[in-house]
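**Student:** If you scroll down you'll find the structure; I have some questions about it.
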Amino acid sequence: MSGALRNVGVYLPPQLLAEVKDAVYRGRTTYADLLNDAFETLTDEQIAGEFTADTEPRSSGMPRRAPRKRGEAGIQIQLRLDGLQVAWLDGKVTEFGAPSRSALVSAVFKLHTQARPAAGE
C-alpha cells in the first residue's frame, strides 16, 4: 500500500545528525519533512556533485581511478515515509549513483544544513 507510512532507517554521521536534529527542532518539523524541504531547495547538479569522483591528471597522462565516495559510519534515524516516497528516494539513489540510501540522505542533509545559515543572513 503506497499510502501507509513506514519507518525507513538511514545512517547519518554524528556531527551531521546533531545539525539535522537542531534544524528539526528549530523548524518544528520532522526528519521526513526536512528531507523533503532539502530536495526542494537543492538542484540536481548540487546533489550529483556529491557523488562525482574527482580525477587528478598524472604526469604520465593516464588518469588515476578515483575512489568512489561511500556513506560514513553513523547513527541510525528513522524517516517516516510512504511507499511512493521510498520508491522516489530509491530512484534518486540510482539517478545520482549514490552508494546507498543513507549516503544520499546524508549528502542532501549536509548540503541543506550548510546552506541554511547563509539564507538567514
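**Student:** Which condition number in (1) modelled with pLDDT of 95 or more; (2) open to solvent by 70 Å² or more (accessible area, probe 1.4 Å) is the one that ALA119 fails?
**Tutor:** (1)
**Student:** Which of the numbered conditions does LYS21 fail, given that it passes all the others? Conditions: (1) at pLDDT 95 or above; (2) under 25 Å from GLU95 (Cβ atoms).
**Tutor:** Evaluating LYS21 over (1) at pLDDT 95 or above; (2) under 25 Å from GLU95 (Cβ atoms) leaves (2) as the failure.
**Student:** Criterion first (hydroxyl-bearing (Ser, Thr, Tyr) and open to solvent by less than 80 Å² (accessible area, probe 1.4 Å)) does THR30 satisfy it? Break it down into steps so the answer makes sense when it comes.
**Tutor:** Numbers: hydroxyl-bearing (Ser, Thr, Tyr): yes; open to solvent by less than 80 Å² (accessible area, probe 1.4 Å): yes.
Yes; evaluated as a whole, the condition is true for this residue.
**Student:** So is GLU56 more than 20 Å from SER100 (Cα to Cα) and either modelled with pLDDT of 95 or more or out of contact with any strand residue (DSSP E or B) (no Cβ under 7 Å at 6 or more places or on another chain) (or both) or not?
**Tutor:** Working: more than 20 Å from SER100 (Cα to Cα): yes; either modelled with pLDDT of 95 or more or out of contact with any strand residue (DSSP E or B) (no Cβ under 7 Å at 6 or more places or on another chain) (or both): yes.
When the stated conditions are applied, GLU56 passes them.
The values are calculated or read from the model by the stated rules, or taken from the named source; none is laboratory data. The structure displayed is predicted, hence computed values, not measured ones. When we count neighbours, we look across all protein chains shown, and the Cβ atoms used for this are built from the backbone with ideal geometry, even at glycine. Please note that ligands, DNA and RNA were not included when accessible areas were found on the heavy atoms of the full protein model with its side chains. Shrake-Rupley method; radii C 1.70, N 1.55, O 1.52, S 1.80 Å.
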